[in-house]
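Enquirer: A single structure is presented below for examination.
The values are calculated or read from the model by the stated rules, or taken from the named source; none is laboratory data. Remember, predicted model here, so these are calculated numbers, not experimental data. Here the Cβ is made from the backbone with ideal geometry for all residues, glycine too, and neighbour counts use every protein chain on show. Surface accessibility is based on the protein's heavy atoms, side chains included, excluding ligands, DNA and RNA. Shrake-Rupley method; radii C 1.70, N 1.55, O 1.52, S 1.80 Å.
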Amino acid sequence: MTEIIIHHYPASPVSEKIRTGMGLKQLAWRSVEQNRLPDRPELFAMTGGYRRIPVMQIGADIYCDTQCILRELEHRVPTPTFFPNNGAGLPFALSRWSDGAMFELAFRVAFAPVADKLPAALIADRTRLYLGEQGDLKNEAADLPHTLAQLRPQLGWLEACLSSGQHFMLGGEPGMSDLLAWYLVWFVRERYAAAPEFMAEFPLLNAWVQRMQAIGHGKSTPMTPAEALAVAKSAEPDTAEKPDAYDPQGLKPGMKVTVVPITHGGDQLVEGKVLAVDRDTIAISREHPDCGRVAVHFPRVGYRVTLC
């Protein structure tokens with residue numbers, strides 16, 4: 001298999017989900033550190049302007065969103081599995097909660113207390129991305145006790161998952177469900193100054209943290225954005241044309257479409273031609289002078305696909 005390349009940056013909580021996933025599967029990978037703010041010309045050439053992190057690259061196949069990344073890693077490297085303990089399917093449903101409502105709470109807790117100490121450009125970008133154009137982290141700072149009151153019982157749900165003595169969220173082995181919980185707990189622990197006191201009432205969760213940290217990140221070696229771009233340019237996508245007779249939108253290979261996250265964050269439309277489509281994912285073909293032809297993969301859930 002061509003090298004797995006992960007585009008990320010160290011402080012990204014969503015990237016921590018994938019980094020720990022690489023550790024769970026005991027994989028070697030190339031680490032491309034991207035700018036924290038969306039000034040990423042080499043990556044944008046490949047993704048068509050998709051600005052969210054992380055992104056996985058394998059040759060000239062580009063995988064956007066952790067749903068898509070985890071699904072593809074499981075397909076390519078089925079053992080150790082992301083779905084032990086008879087857990088296939090359920091973690092993707094859980095991700096709609098963890099990556100939505102719970103992440104927004106964690107973002108408020110991590111950013112609101114220190115908003116006046118962080119670069120204004122970073123605050124403006126992340127506020128719009130996660131809270132929409134009307135978001136205001138100053139108001140969120142004043143409302144922090146309410147936010148903590150919302151987050152606390154949800155952490156209690158995670159604590160309850162461990163109350164029967166099992167070591168991980170759905171049983172004796174770690175899987176995708178643990179990754180979904182881990183990156184949120186990691187985010188709060190890394191960024192919220194009062195996290196030790198706030199988390200003190202969750203002894204089972206704190207013990208689980210130690211087990212998750214022990215998984216590690218696999219074996220990474222650095223790669224520059226320019227080197228990753230050159231990898232894409234020297235390769236051809238492995239993805240073959242694939243229609244889906246049951247697709248509700250009637251999407252077929254060759255159709256021109258745009259793809260964009262269904263959020264209020266002002267994300268850019270990514271344009272291309274349908275290459276492969278199924279119930280869970282869509283791959284679109286794009287070309288750019290700097291990277292040649294690439295296949296950009298997105299999940300169907302959480303994304304709007306529109307015919308041009």
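Enquirer: If you check Arg96 against the conditions, is it more than 21 Å from Gly216 (Cβ to Cβ), open to solvent by 50 Å² or more (accessible area, probe 1.4 Å) and of a type in the set (Lys, Arg)? Break it down stepwise before answering.
Expert: Values: more than 21 Å from Gly216 (Cβ to Cβ): yes; open to solvent by 50 Å² or more (accessible area, probe 1.4 Å): yes; of a type in the set (Lys, Arg): yes.
Yes; evaluated as a whole, the condition is true for this residue.
Enquirer: Same structure, new question: Which residue, of Gly250, Gly266, is closer than 11 Å to Leu307 by Cα, open to solvent by 20 Å² or more (accessible area, probe 1.4 Å) and out of contact with any strand residue (DSSP E or B) (no Cβ under 8 Å at 6 or more places or on another chain)? Before you say what the answer is, go through the steps one by one.
Expert: Details: Gly266 fails: closer than 11 Å to Leu307 by Cα.
Just a single option satisfies the conditions, and that option is Gly250.
Enquirer: Please enumerate the residues belonging to region 87-128 that are touching a residue at least 60 places away in the same chain (Cβ under 8 Å) and among the polar types (S, T, N, Q).
Expert: Of everything in region 87-128, those that are touching a residue at least 60 places away in the same chain (Cβ under 8 Å) and among the polar types (S, T, N, Q) turn out to be Ser95, Ser98.
Enquirer: Kindly list, by first and then second residue, each pair from a residue in region 194-210 that is at negative phi to a residue that is aromatic (Phe, Trp, Tyr), limited to pairs with Cβ atoms under 7 Å and residues at least 6 apart or on different chains.
Expert: Phe198/Tyr192
Enquirer: Looking at region 146-166, which of its residues are more than 12 Å from Leu205 (Cβ to Cβ) and assigned to a loop (DSSP other than H, G, I, E, B)?
Expert: Taking region 146-166 as the starting set, the residues that turn out to be more than 12 Å from Leu205 (Cβ to Cβ) are 146-151, 153, 164-166.
Selection gives Ser164, Gly165, Gln166.
Enquirer: In region 269-282, which residues are in contact (Cβ under 8 Å) with a residue 24 or more places away in the chain and either open to solvent by 80 Å² or more (accessible area, probe 1.4 Å) or farther than 27 Å from Gly89 by Cα (or both)? Before the answer, list the steps.
Expert: Initially, region 269-282 is screened for residues in contact (Cβ under 8 Å) with a residue 24 or more places away in the chain, giving 269-272, 275-282.
Selection gives Leu269, Val270, Glu271, Gly272, Arg279.
Enquirer: Within region 283-308, track down each residue that is open to solvent by 80 Å² or more (accessible area, probe 1.4 Å), under 21 Å from Ala245 (Cα atoms) and in a strand (DSSP E or B).
Expert: Once the filter is applied, which keeps residues that are open to solvent by 80 Å² or more (accessible area, probe 1.4 Å), under 21 Å from Ala245 (Cα atoms) and in a strand (DSSP E or B), region 283-308 yields Arg304, Leu307.
Enquirer: When only residues in region 99-123 that are farther than 18 Å from Arg52 by Cβ and among the charged types (D, E, K, R) count, which is surrounded by the fewest Cβ atoms within 10 Å (Cβ to Cβ)?
Expert: Lys117
Condition check ((1) part of a helix (DSSP H, G or I); (2) among the polar types (S, T, N, Q)) across all residues:
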position	(1), (2)
Glu16	yes, no
Glu42	yes, no
Arg51	no, no
Gln67	yes, yes
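Enquirer: Then there's this: Out of the residues in region 63-91 meeting the condition of being among the hydrophobic types (A, V, I, L, M, F, W, C) and either open to solvent by 30 Å² or more (accessible area, probe 1.4 Å) or farther than 22 Å from Ala295 by Cβ (or both), tell me which one is modelled with the lowest pLDDT. Even if it seems obvious, please write down each step before you answer.
Expert: If we filter region 63-91 for residues that are among the hydrophobic types (A, V, I, L, M, F, W, C), which is where we start, we get 64, 68-70, 73, 77, 82-83, 88, 90.
From the residues that got through so far, the ones that are either open to solvent by 30 Å² or more (accessible area, probe 1.4 Å) or farther than 22 Å from Ala295 by Cβ (or both) too are 82-83, 88, 90.
Working: Phe82: 97, Phe83: 97, Ala88: 87, Leu90: 93.
So the residue we want is Ala88.
Enquirer: Please find, among Pro153, Pro203, Pro145, Pro196, the residue that is of a type outside the set (D, E, K, R), under 21 Å from Glu16 (Cα atoms) and either surrounded by 13 or more Cβ atoms within 10 Å (Cβ to Cβ) or at pLDDT 95 or above (or both). Break it down into steps so the answer makes sense when it comes.
Expert: On the way: Pro153 fails: under 21 Å from Glu16 (Cα atoms); Pro203 fails: under 21 Å from Glu16 (Cα atoms); Pro145 fails: under 21 Å from Glu16 (Cα atoms).
Exactly one of Pro153, Pro203, Pro145, Pro196 is of a type outside the set (D, E, K, R), under 21 Å from Glu16 (Cα atoms) and either surrounded by 13 or more Cβ atoms within 10 Å (Cβ to Cβ) or at pLDDT 95 or above (or both), namely Pro196.
Enquirer: Could you please find all residues in region 21-47 being open to solvent by 10 Å² or more (accessible area, probe 1.4 Å) and farther than 25 Å from Pro78 by Cβ?
Expert: Within region 21-47, Glu33, Gln34, Asn35, Arg36, Leu37, Pro38, Asp39, Pro41, Glu42, Phe44 qualify.
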